[in-house]
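J.: Supplied in structure tokens, the structure appears directly below.
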Amino acid sequence: MGIPLIGRGVRVRNPHLIHVGADLVVEDFAEIQGLSRDGIRLGDRVSIGAGTLIRPSSYYSRAIGVGLVMGDGSSLSPGCYIGCSGGVTIGDKTMLGPGVRLFAEDHVMDDPTVDVKSQGVSWSPITIGSGCWIASGVTITSGVTIGDGAVVAAGAVVTRDVPAGAVFGGIPAREIKKRNAA
């Protein structure tokens, strides 16, 4: 098993809840918070880019969140935000580009007579399959599943499921084509 390569200024909180495979790379100034129900589980050869934040527990409700599972060979490019309070699962060999944001929680706002912050949050997991490419600046909202081999174009906002092998883009994201189409 290779020794993890940890950059300067990396912050790790609750390390006893973080489980890592071989050859982990965490670049400068990334932050990994382990406090979560299921912990943070990183497979072999996972890389986490500079300035990436992994936060499984909510700052608003103070509730302990679900956590993150990342498969073998997957990577988070610099500046990603992984809000995994509702749970995030990322398959094997999946790449998230710079500045990708995942939010597995949403604010409750049903009562217009009460401020949004006081109404709390709801959680719904995000699942990203294996072999996916999530390009730079994509935002993925709670409850979304992205199928194996899918591609999401830069800057897209994904609010609904993406089928396996599909290419999605836009705001809100919609299907552009299938990867196997000529």
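J.: Between rounded, prolate and oblate, where does region 10-63 land on the alpha carbon gyration tensor, with a ≥ b ≥ c its root eigenvalues, rounded for a/c under 1.5, else prolate if a/b exceeds b/c? Each step should come with its number before you reach the end.
T.: Working: a/c = 2.50, a/b = 1.43, b/c = 1.74.
Oblate.
J.: Further question: Each label point is 7 Å from the Cα along the Cα-to-Cβ direction; what then is the distance between the points at Ala22 and Asp38, in nm?
T.: With each label point 7 Å from Cα toward Cβ, the separation is 2.5 nm.
J.: Please compute the net charge surrounding Arg8, taking Lys and Arg as +1 and Asp and Glu as -1 over other residues with Cβ under 15 Å from its Cβ.
T.: Working: positive: Arg11; negative: Glu27, Asp28, Glu31.
Every neighbour counted, the sum reads -2.
J.: Still on this model: I need the phi-derived Karplus couplings for region 8-18: 6.51 cos²θ - 1.76 cosθ + 1.60, θ = phi - 60°, integer Hz, Gly and Pro marked x.
T.: Karplus-based 3J(HN,Hα) across region 8-18 equals 7, x, 6, 10, 10, 10, 6, x, 5, 9, 10 Hz.
J.: Find which of Met109, Leu5, Thr139 sits farthest along the positive direction of the dipole of region 5-178, computed with +1 on the beta-carbon of Lys and Arg, -1 on that of Asp and Glu, about the Cα centre.
T.: Leu5
J.: On to the next question. Only Lys, Arg, Asp and Glu count, each charged at its Cβ (+1, +1, -1, -1), so figure out the dipole size of region 5-178 about its Cα centre, rounded to 20 debye. Intermediate values should be presented prior to the final figure.
T.: Working: 15 positive and 16 negative charges, 35 e Å.
Charge dipole, region 5-178, about its Cα centre: 160 debye, nearest 20.
J.: Follow-up. Rounded to two decimals, what ratio of Rg to Rh does region 57-118 give with C-alpha atoms and a Kirkwood Rh? Present the calculation step by step, with values, prior to reporting the outcome.
T.: On the way: Rg = 14.5 Å, Rh = 13.2 Å.
For region 57-118, the value is 1.09.
J.: A follow-up question, please. For region 77-168, take N as its residue count and report Rg(C-alpha) divided by 2.2 N^0.38 Å. Display every interim value, and only then the final one.
T.: Numbers: Rg = 13.9 Å, N = 92, 2.2 N^0.38 = 12.3 Å.
Relative to the 2.2 N^0.38 Å estimate, region 77-168 comes out at 1.13.
J.: Under the classification rounded if a/c is under 1.5, otherwise prolate if a/b is larger than b/c and oblate if not, where does region 1-101 fall, given a ≥ b ≥ c as square roots of the Cα gyration tensor eigenvalues?
T.: On the way: a/c = 1.40, a/b = 1.36, b/c = 1.03.
Verdict is rounded for region 1-101.
J.: Something else about it: In the Gaussian network model of the chain, springs joining C-alpha atoms below 10 Å, which of Ile64, Ile82, Ile126 carries the largest mean-square fluctuation?
T.: Among Ile64, Ile82, Ile126, the largest GNM mean-square fluctuation belongs to Ile64.
J.: Counting only residues 5 or more places away or on other chains, whose amide H sits under 5 Å from the amide H of Val158 once H atoms are built in the peptide plane?
T.: Close amide H contacts, sequence-distant or interchain: Thr139, Ile140, Thr141, Ala173.
J.: Using the alpha-carbon centroid of each, what span in Å lies between region 163-182 and region 15-55?
T.: Spelled out, the Cα-based centre of one part sits 29 Å from the other.
J.: Here's a follow-up. What does the convex hull of the Cα atoms come to per residue for region 5-178, in Å³?
T.: Values: hull volume 16.5 nm³, N = 174.
It is 95 Å³ per residue.
Just so you know, all these numbers are worked out from the coordinates, no wet-lab data involved. On a predicted model such as this, the values are computed, not experimentally measured, just so you know. When we count neighbours, we look across all protein chains shown, and the Cβ atoms used for this are built from the backbone with ideal geometry, even at glycine.
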